[in-house]
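Beneath this line is the structure, given in structure tokens, with notes to follow.
The values are calculated or read from the model by the stated rules, or taken from the named source; none is laboratory data. These numbers come from a predicted model, not from an experiment. Here the Cβ positions follow ideal geometry from the backbone for every residue, glycine too, while neighbour counts run over all protein chains shown.
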Amino acid sequence: MVELTPAQKRVLDFILLETHAGRPIPTLREMAARFGFRSHRAAACHLEALRRKGFVESAAGKARSVRVISPFAKLRSRIVDIPLYGSIPAGFGQDREQEPAGCVSVDIESIGFKPTRNTFALRVTGDSMIGRHIVEGDVVVLEHGPEPRPGDIVAALIDGESTLKTFLRKSGKPYLKAENPKYPDLVPAQELMIQGVFQALIRRAKG
């Protein structure tokens with residue numbers, strides 16, 4: 001995280017104090033007088049440093065044009081909303097249509113990839129993927145479009161039923177593997193449609 005020098009922090013605190021009190025942004029002359037700077041140039045240098053470090057916006061050398069930027073503004077720019085389309089069974093497939101159920105907000109650095117308009121999320125039900133550390137209540141983030149590779153976790157529509165499984169091939173033919181010995185492999189009788197390839201997992205701590 002970018003740090004301020006003690007002098008820069010004092011200038012920023014002064015600006016915040018004046019704006020929170022409903023008064024105009026201090027001029028360079030007022031800043032110099034407040035902190036005993038020998039010249040307006042010293043105040044301008046501190047203001048420029050605050051601008052470079054992303055704490056304020058201003059026109060060069062014009063104190064009255066200063067606008068303080070929230071220290072969390074840059075962090076918030078990394079937050080994206082991913083649509084949550086209901087749940088998906090990690091067990092036996094279920095015949096259902098996915099309906100929007102809100103969204104999940106994530107930090108793109110914490111999930112390790114940048115979501116696109118084809119990114120979506122599903123809440124997991126069932127226990128067929130516990131071997132891949134995916135349990136009931138987890139939210140899986142998936143990307144629609146990419147071709148799955150053997151070993152990828154996928155949300156799939158198999159013979160009209162949706163499920164979350166591991167995608168594999170045997171003798172060139174695709175099938176879905178559960179990661180729990182209680183469940184059988186799923187071999188498509190007619191159709192296997194990959195709806196999304198797993199990208200990230202979101203788990204809510206249980207109280």
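Of the numbered criteria (1) part of a loop (DSSP other than H, G, I, E, B); (2) closer than 12 Å to V68 by Cα; (3) aromatic (F, W, Y), the one F14 fails is (1).
Considering only residues in segment 3-20 that are touching a residue at least 24 places away in the same chain (Cβ under 8 Å) and surrounded by fewer than 16 Cβ atoms within 10 Å (Cβ to Cβ), the one that is farthest from K53 (Cα to Cα) turns out to be T19. Looking at segment 167-199 only, could you name the residues that are in contact (Cβ under 8 Å) with a residue 12 or more places away in the chain, surrounded by fewer than 17 Cβ atoms within 10 Å (Cβ to Cβ) and among the small types (G, A, S)? Residue satisfying the conditions is A189 alone.
The set of residues in segment 114-131 being small (G, A, S) and farther than 18 Å from I194 by Cβ consists of G126, G131. On inspection, A33 fails the criterion of being more than 30 Å from A121 (Cβ to Cβ) and at pLDDT below 70. Looking at G112, G126, just one residue is at positive phi and surrounded by 14 or more Cβ atoms within 10 Å (Cβ to Cβ), and that residue is G126. Close contacts from segment 23-40, counting a first residue that is crowded, with 17+ Cβ neighbours inside 10 Å and a second that is assigned to a loop (DSSP other than H, G, I, E, B), with Cβ to Cβ under 6 Å and a gap of 6+ residues or different chains, come to I25/V66. Residues that are closer than 19 Å to T125 by Cβ and without any contact (Cβ under 8 Å) to a residue 40 or more places away in the chain were ranked within segment 148-158; the one that is surrounded by the most Cβ atoms within 10 Å (Cβ to Cβ) is A156.
Here is a check on your reading of the model: is N180 modelled with pLDDT of 95 or more, among the polar types (S, T, N, Q) and assigned by TED's automatic domain parsing to the domain that holds L84? Judged against the criteria, N180 is a match. Set side by side, the residues G61, G86 differ, and just one is modelled with pLDDT under 80 and either under 30 Å from A178 (Cα atoms) or outside the structural domain of G137 (by TED's automatic domain parsing) (or both), which is G61.
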